[in-house]
1. Which one of these does residue 241 not meet: (1) farther than 30 Å from residue 295 by Cα; (2) within 16 Å of ligand 1 (Cβ to nearest atom); (3) in contact with an Asp or Glu (Cβ under 6 Å, 6 or more places away or on another chain)?
2. Determine which member of the set 300, 313, 260 is crowded, with 23+ Cβ neighbours inside 10 Å and under 28 Å from residue 211 (Cβ atoms).
3. Going by what's in this entry, would residue 310 be described as touching a strand residue (DSSP E or B) at 6+ places or on another chain (Cβ under 7 Å), on the phi > 0 side of the Ramachandran plot and within 16 Å of ligand 1 (Cβ to nearest atom)?
4. Filter the range 338-352 down to the residues that are crowded, with 20+ Cβ neighbours inside 10 Å and part of a helix (DSSP H, G or I), then identify the one that is nearest to ligand 2 (Cβ to nearest atom).
5. Given the criteria in a helix (DSSP H, G or I) and either without any contact (Cβ under 8 Å) to a residue 24 or more places away in the chain or touching a Leu at 6+ places or on another chain (Cβ under 6 Å) (or both), does residue 395 qualify?
6. From 281, 334, which residue is touching a residue at least 40 places away in the same chain (Cβ under 8 Å), within 16 Å of ligand 1 (Cβ to nearest atom) and under 14 Å from residue 401 (Cα atoms)?
7. Which residues, taken from the range 157-173, are in a loop (DSSP other than H, G, I, E, B), within 30 Å of residue 47 (Cα to Cα) and of a type outside the set (A, V, I, L, M)?
8. From the residues in the range 370-416 that are in contact with an Asp or Glu (Cβ under 7 Å, 6 or more places away or on another chain) and of a type in the set (A, V, I, L, M, F, W, C), which one is nearest to ligand 2 (Cβ to nearest atom)?
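The values are calculated or read from the model by the stated rules, or taken from the named source; none is laboratory data. Nothing here was measured: the structure is a model prediction, and the numbers come from that model. All Cβ positions, glycine included, derive from the backbone under ideal geometry; neighbour counts span all protein chains shown.
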Amino acid sequence: MSPVTTGATRAQQTPAGGSGLPRLLPPPSHGGDLAAHLGLHGPVPYRDSAGALIGEVRAAGLTGRGGAAFPVHRKLQAVAAARPGRAIVVGNAAEGEPASHKDEALLFLAPHLILDGLQLAAEAVGAGRAVLYVRGDLRARTRLDDYLPERDAYGLDRLPVEIVWSPHRFLAGEESALASRVSGGPAVPQFTPPRVFERGVDGRPTLVQNVETLAHLALIARYGPGWFRAMGTPDEPGTMLCTLRQASGSVDVAEAALGTPLAALLHLPAVTGNEEGGGAVLVGGYHGAWLPAAQAAQLTLSNAQLRPAGAFTGAGVLAALPADRCGLIESARVARYLALESAGQCGPCRSGLPSIAAAMSELAGSHPEPRVLDNLTRWAGLVEGRGACHHPDGTVRFLRSALRVFGPEVRLHQQRRCSAETDRPFLPVPAGPSTEADWS
Ligand SMILES: Cc1cc2nc3c(=O)[nH]c(=O)nc-3n(C[C@H](O)[C@H](O)[C@H](O)COP(=O)(O)O)c2cc1C
Ligand code: SF4
């Protein structure tokens, strides 16, 4: 499924730089076309000076939209300290998370905003090389091969943009895996430190930003920090793209202001009715957390509200579990996928995640052994914090939230019952990796 429609927020389309939504996503008729992009936003607003944009990005309060919400100006500052021309800027469109489609939608609908942001970030840090790292299976759909020469003809890009295609793997967008892939190696996480902003692609200081972050940066450069802050909350300004998976099965990419009630994004009342614990929302994707739907209905799209509840905005994945599905069965399928996606370099991750996933499958099945829940909890504690990357920790967070939120369902399964009316899969899980070559 490749959703590129953009939800209810599309209805209030306002001119670029106006005060409404959406900001990033142009009308579908726009089709990513360069002339339409220039008509909407004008040329790339270069500052003609390295570092000049960094203060504006700090004033805007832009944080990364790839998952960690790290302040963008701090990474820009760190990479800008490198010798002029030495740094590399990479736009991250790996979108390894199977439940997320927002980068795909942005690449399809507003590729030039991303490419403008890549150029502006490169100028801000004085980079000598610009790379766009894109999921390889999107090649045919992105038309990047056409857009780059077209931008050249308009003289828009000061640095040539290289495209590096990434494998569609969960970890391929993790920044050290990205640095390895762009350097010509496999897309597997590297052992850190040093962090990529110190030694990344080819050992050079590397700025890695999610492509949505770059698109916001391109708008801040045009319309200013005050405009950016006119939406969102004072602590979490601006908007973010969300992939909304409704309980009905519909999937949509929508742009929402930070601080928007989750109930305005998901049709939550439709999923709160299952008294056996089926009313649940997955927030933040497969390294995120389940929340009871009734609790989610009281919260907004903001880390200030989500973190105390054990969740976070992540890359904007929100999924409302239908009342006729079993959250344990869904979580067990995701756990199996996450275990298969381990890069297999660290012992606790390589052997621990499959054991955890197998225990989760047993718990979600019809004859769980009495000890399986204890084993699961113990093994989760053994892998946590013991990987070179966050994969084990993210997986454990997801599973712990499942055990918490689907507690009544766990008890049902222990009595050899299940509340599900169907075992039809809900959350998307790609077919497992077939060969080692899948990392390249
Ligand atoms: C397991 C894992 C997978 C990740 N996958 C992606 C991804 O697909 N796309 C992405 O932009 N960031 C991904 N990230 C985050 C990147 O490491 C990096 O923080 C991000 O690209 C920086 O951009 P931002 O600051 O603009 O968000 C991932 C992180 C982890 C731990
Ligand atoms: S923790 Fe797991 S996924 Fe991360 S580098 Fe180690 S083996 Fe690979």
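1. Evaluating residue 241 over (1) farther than 30 Å from residue 295 by Cα; (2) within 16 Å of ligand 1 (Cβ to nearest atom); (3) in contact with an Asp or Glu (Cβ under 6 Å, 6 or more places away or on another chain) leaves (1) as the failure.
2. It is 313.
3. Numbers: touching a strand residue (DSSP E or B) at 6+ places or on another chain (Cβ under 7 Å): yes; on the phi > 0 side of the Ramachandran plot: yes; within 16 Å of ligand 1 (Cβ to nearest atom): no.
No; evaluated as a whole, the condition is false for this residue.
4. Ranking the candidates gives 349 first.
5. yes
6. Answer to the check: 334.
7. So the first thing to find is which residues in the range 157-173 are in a loop (DSSP other than H, G, I, E, B), and the list is 157-160, 167-173.
Going one step further and asking which of them are within 30 Å of residue 47 (Cα to Cα), we end up with 157-160, 173.
Correct list: 157, 158, 160, 173.
8. The residue in question is 389.
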